[in-house]
Amino acid sequence: MIKLTPVVAALVLALLIPGTAAAATGPYLVRDIDTNGSSSPIELTAMDDVLYFNAKGGAKGRELWRSDGTFDGTRRVKDIRPGTGGGSPWNLAAIGGLLYFSADDGVNGRELWVSDGTGIGTRLVKDINPGGDSTPFHFTAFNGSVYFSASDGTTGRELWRTDGTTGGTARVKDIVPGATSSNPGALTPFGDKLLFTITAGSVNPVDTLYRTDGTATGTKPFRDGAGHKITGQGVNWLTVAESRLFFIVNETELWRSNGTQATTKRIAQMNAWELVDVGSRVFFHSGEELWKSDGTAATTNFVANFTNSGVGASHEFNGELFFFAFGEPWLSDGTPAGTHQIGKQVQADTEFAIVGSTIYFGGYATDDDFGARPAGQQAFPSFTPAPTLTLWRSDGTAAGTYSVGPPDANMHSVVAVGDSIFFAANADGAGTELWRYVP
């Protein structure tokens, strides 16, 4: 009698009984979209309990697909660019029940598109740059509209807004007049403002923090308490923690604002990187140290040192910081005593998804107990052959941190959709395809 592994059994069920796969538990292949190779799903994006993504297959190029987790419910939304070329939808963003993205239909260039999840509802919004590519991205919801960066071929790359209609799509302001671009980035809603950065200069570029209320006159520099523009060779990691904005300038200054000019000030001068909001505070790392701040100089404090490792792959989880150091998962409540390792060795990717009280991520074991290293091979990081990412989960305890498969998946793009996890993986000989995990 032939015995099938749980992964293979789920795969057989999905292939033989289309439409029933959603009832399966554990990791399973949703559909082998490209039976002659890999559909290589990317841009995985959740909207209304349905997954949307960019994939190729069925003698078509890369197009927009959708999946509800079943074989029959996984299908191409629209052949945006007929033939084998593919419309290549990029920068998918679900906002207000619509999916915004850029695509190239082979006629209008790479322009602004929108979809409601149906073929007829997938359409070009506006040819912003006739005869060229506007290449819109950074889609961000603010005050009932969607803001983004685009180039009309005349005024350079500037800030635009849309309501999903041709007439409702327009440039907000030519911030750097003429053909020179302002290159808006880091779009971040904060109270009644949309904050963003502009970047000027091709050699040693300088960032300046800006704000907008959606009008040209209301688009201006965001100034500090002394009335100065906030500039530097790097104004980034704009992070909203409840009612406060945190950001980093030049990787050497931590700033905070309550939204007014008077409350916008530097609170620490130190090497700082990668802000993560956890409730009303932020965590960040400085060199190989973990720090946290509640928004004042006095509450910007050292948490823990991770010499020869540093801190990486961080995410908010159940009111604490979930992160990796020394190839191990850790939790921190912001105090030295409350910072502790929660599992054995596992090296993690930087993508996370949360369903209920469980966090999921791509990782691979760095300890023999997990069987990721072939017998007789050296310990991490000198694997031969190199290990590949598979799906892991954690409930914040050592016992509840473990791999859920499939093994040797070389997976990426972990996304929560409803009560399940979708991801792309190369496992069980099907090529890189769409997989789902149902707890």
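Table: residues versus (1) outside any strand (DSSP E or B); (2) more than 24 Å from the chain's Cα centre (by Cα).
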{"position": "268", "(1), (2)": "no, yes"}
{"position": "285", "(1), (2)": "no, no"}
{"position": "295", "(1), (2)": "yes, yes"}
{"position": "344", "(1), (2)": "yes, yes"}
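The residues in the stretch 207-221 that are touching a residue at least 24 places away in the same chain (Cβ under 8 Å) and farther than 14 Å from residue 185 by Cβ can be counted, and the count is 5. Please verify whether the stretch 185-202 includes one or more residues that are surrounded by fewer than 19 Cβ atoms within 10 Å (Cβ to Cβ), more than 15 Å from residue 264 (Cβ to Cβ), modelled with pLDDT under 95 and in contact with a strand residue (DSSP E or B) (Cβ under 8 Å, 6 or more places away or on another chain). Scanning the stretch 185-202 turns up at least one residue that is surrounded by fewer than 19 Cβ atoms within 10 Å (Cβ to Cβ), more than 15 Å from residue 264 (Cβ to Cβ), modelled with pLDDT under 95 and in contact with a strand residue (DSSP E or B) (Cβ under 8 Å, 6 or more places away or on another chain). Considering only residues in the stretch 45-80 that are among the aliphatic types (A, V, I, L, M) and surrounded by fewer than 24 Cβ atoms within 10 Å (Cβ to Cβ), the one that is nearest to residue 117 (Cα to Cα) turns out to be 77. When residue 191 is tested against (1) small (Gly, Ala, Ser); (2) without any contact (Cβ under 8 Å) to a residue 40 or more places away in the chain; (3) closer than 24 Å to residue 294 by Cα, only condition (2) is not met.
Filtering the stretch 148-180 to residues that are in a strand (DSSP E or B) and either within 16 Å of residue 110 (Cα to Cα) or not basic (Lys, Arg) (or both) leaves 148, 149, 150, 151, 157, 158, 159, 160, 162, 170, 172.
Somewhere in the stretch 37-58, is a residue part of a strand (DSSP E or B) and at pLDDT below 95? Yes, the conditions are met somewhere in the stretch 37-58.
A search for C-beta distances below 7 Å between a residue of the stretch 409-420 that is closer than 11 Å to residue 436 by Cα and any residue that is assigned to a loop (DSSP other than H, G, I, E, B), counting only pairs 6+ apart in sequence or on different chains, returns 417/49; 420/69. Among the candidates 421, 359, the residue that is within 22 Å of residue 66 (Cα to Cα) and either at pLDDT below 95 or in a strand (DSSP E or B) (or both) is uniquely 421. Scanning the stretch 204-222 for residues that are of a type in the set (Asp, Glu) and either buried (at least 18 other Cβ atoms within 10 Å of the Cβ) or farther than 10 Å from residue 172 by Cα (or both) gives a single hit, 207.
Would you call residue 216 over 29 Å from residue 316 (Cβ atoms), of a type in the set (A, V, I, L, M, F, W, C), at pLDDT 95 or above and part of a loop (DSSP other than H, G, I, E, B)? In short, yes. From the list 141, 103, exactly one residue is modelled with pLDDT of 95 or more, surrounded by fewer than 17 Cβ atoms within 10 Å (Cβ to Cβ) and aliphatic (A, V, I, L, M). Which is it? Testing whether each residue is modelled with pLDDT of 95 or more, surrounded by fewer than 17 Cβ atoms within 10 Å (Cβ to Cβ) and aliphatic (A, V, I, L, M) leaves just 141.
Restricted to the stretch 16-36, and to residues there that are modelled with pLDDT under 95 and among the aliphatic types (A, V, I, L, M), the residue that is surrounded by the fewest Cβ atoms within 10 Å (Cβ to Cβ) is 16.
Going by the structure shown, is residue 232 over 30 Å from residue 124 (Cα atoms) and under 27 Å from the mean Cα position of the chain (by Cα)? In short, yes. Within the stretch 324-335, being under 24 Å from the mean Cα position of the chain (by Cα) and either within 15 Å of residue 287 (Cβ to Cβ) or of a type in the set (Val, Ile, Thr) (or both) holds for one residue alone: 325. In the stretch 194-206, of all residues being without any contact (Cβ under 8 Å) to a residue 40 or more places away in the chain and not hydrophobic (A, V, I, L, M, F, W, C), the one that is nearest to residue 162 (Cα to Cα) corresponds to 199. Annotation: of all residues in the stretch 254-266 being in a loop (DSSP other than H, G, I, E, B) and buried (at least 16 other Cβ atoms within 10 Å of the Cβ), the one that is modelled with the highest pLDDT is 264. The residues of the stretch 281-314 that are of a type in the set (Val, Ile, Thr), under 24 Å from residue 354 (Cβ atoms) and at pLDDT 95 or above, listed by number, are 282, 303.
The values are calculated or read from the model by the stated rules, or taken from the named source; none is laboratory data. Keep in mind that this is a model prediction, so the values were computed, not measured. Backbone-built Cβ (ideal geometry, glycine too); neighbour counts: all protein chains shown.
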